[in-house]
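Worksheet: one structure, shown below.
What follows is calculated from the coordinates using simple rules that are stated; it is not laboratory data. Quick caveat: nothing in here was measured; it's all calculated off a predicted structure. Don't worry about glycine lacking a Cβ; one is built from the backbone with ideal geometry, like all the others, and counts go over all protein chains shown.
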Amino acid sequence: MVIIMQAGASEAEVDSVLAQVERAGFRPFINPGVERKVIALLGAMDAEKAELVDHFSALPGVERVTLISEPYKLASRRSHPESSLVTVGPVTIGGAQLAVIAGPCSVESRDQMIETAFAVRSAGANLLRGGAFKPRTSPYSFQGLGVEGLEILAEARRLTGLPIVTEVMHPGDLEAVVRYADIIQIGARNMQNFRLLQDVGMTGKPVILKRNPGCRIRDLLMASEYIMLEGNLNVVLCERGITTFEDATRYTMDVNAIPVIKRFSHLPVVADPSHAAGDWRYVTSIALSAIAAGADGIMIEVHPEPSSALSDGPQSLRPDKFVELMRAAAQVAAAVGRTVPAPE
Ligand code: PEP
Ligand code: MN
């Protein structure tokens, strides 16, 4: 159940509704909307609902009370009709300007990371990615530099001013990752690691939650609920390709998911065509399709020398190809009323 306050409701009216919600035995959960506050009541029993709707509808400052039928209450657009914005330093994700997250799959060395950071910044990227803890299919593959990788990322941020996005794989590494990251990435393989989701929720740091390739859109939204329920509303969802019978590409970008998520949820959605394609040749086309479909941003793997990359080289763009992608992205973004950050 959500209580939607009037646009001009006073703080006293909001406080009084909160007090009554608590008195009725529920935990109120406020979504601080830009225009109007929305108060979600979690866990109301069916039998009590009709009576509670009448009770709360009559309180001063309340515009309307609605029942949320989706199982994901906090992520649902019904609980927060306006699209959410997630702010990371100078960057806002979910507004008219697209978020462009770019960088290597893995942090491999100081030189590789810093060179890539400057290259993507000059092409217009406004967020820098790089994995320090890598979820690899094989335990024999490069696992990431760990804390040393985080330190390199922090240096890249200091030199370029770009906020950093990096993955956490295990609750035991969270403290270290939180110390360095501006946005914590939860990778596709961990989308349903519920304990990790809860721990990341408790940090309050912005999160990018990637969709598991075998999970439905509603599973992704339920996973985001775990983070939000801990009080962290700064969640960005990421479509990164799903498993289908097609094997010409690594995964299949579910472009459908973008407008579907936008319909059912207020959370920003970004698209990762690099992992969806698994091949640099398709990355630009798929990125453009995601922008056209309404994505709030793109995440692109870029490497100065993809053939020597320690992970995901075949899908990584060279910096010159990333420049071309950004030029095309500006045109497609303009066609759908969006912009991309300007190149230097
Ligand atoms: C990554 O971003 O490098 C990554 C491992 O992505 P995913 O979790 O989507 O496979
Ligand atoms: Mn990767």
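Numbers for the structure displayed
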item	result
Index of the failed condition, residue 289 passing every other in (1) in contact (Cβ under 8 Å) with a residue 40 or more places away in the chain; (2) under 16 Å from residue 259 (Cβ atoms); (3) assigned to a helix (DSSP H, G or I)	(1)
Pair list, Cβ < 7 Å and 6+ apart or interchain, from the range 255-275 residues that are farther than 18 Å from residue 213 by Cα to residues that are among the aliphatic types (A, V, I, L, M) and assigned to a helix (DSSP H, G or I)	264/221; 265/221
Residue within the range 212-230 that is buried (at least 21 other Cβ atoms within 10 Å of the Cβ), touching a Gly at 6+ places or on another chain (Cβ under 9 Å), without any contact (Cβ under 8 Å) to a residue 40 or more places away in the chain and among the hydroxyl-bearing types (Ser, Thr, Tyr) present	yes
Members of the range 186-223 that are in contact with a strand residue (DSSP E or B) (Cβ under 6 Å, 6 or more places away or on another chain), closer than 15 Å to residue 170 by Cβ and not in a strand (DSSP E or B)	187, 200
Count - residues of the range 277-286 that are in a helix (DSSP H, G or I) and within 16 Å of ligand 2 (Cβ to nearest atom)	5
Enumeration of residues in the range 233-256 that are closer than 18 Å to residue 186 by Cα, away from ligand 1 (no atom under 13 Å from the Cβ) and not β-branched (Val, Ile, Thr)	233, 234
1 or more residues more than 16 Å from ligand 2 (Cβ to nearest atom) and either of a type in the set (Val, Ile, Thr) or on the phi > 0 side of the Ramachandran plot (or both): qualifying strands (runs of 3 or more DSSP E) within the range 38-134	38-42, 62-66, 86-88, 91-93, 99-103
Condition check for residue 139: within 16 Å of ligand 1 (Cβ to nearest atom), free of Cβ contacts under 8 Å to residues at least 12 places away in the same chain and either surrounded by fewer than 18 Cβ atoms within 10 Å (Cβ to Cβ) or not in a loop (DSSP other than H, G, I, E, B) (or both)	yes
Breaking point among (1) free of Cβ contacts under 8 Å to residues at least 60 places away in the same chain; (2) within 15 Å of the chain's Cα centre (by Cα); (3) away from ligand 2 (no atom under 16 Å from the Cβ), for residue 190	(3)
Single residue of the range 292-325 satisfying the filter (assigned to a helix (DSSP H, G or I) and touching a Cys at 6+ places or on another chain (Cβ under 9 Å)) that is surrounded by the most Cβ atoms within 10 Å (Cβ to Cβ)	315
Out of 145, 150, sole residue that is touching a residue at least 12 places away in the same chain (Cβ under 8 Å) and assigned to a loop (DSSP other than H, G, I, E, B)	145
Residues being touching a residue at least 60 places away in the same chain (Cβ under 8 Å) and not hydrophobic (A, V, I, L, M, F, W, C) - total across the range 162-184	2
Pick from the range 280-291, criterion closer than 17 Å to residue 269 by Cα and among the aliphatic types (A, V, I, L, M), ranking: surrounded by the fewest Cβ atoms within 10 Å (Cβ to Cβ)	288
Output for the range 232-257, where each listed residue is surrounded by fewer than 24 Cβ atoms within 10 Å (Cβ to Cβ), within 23 Å of residue 77 (Cα to Cα) and among the β-branched types (Val, Ile, Thr)	255
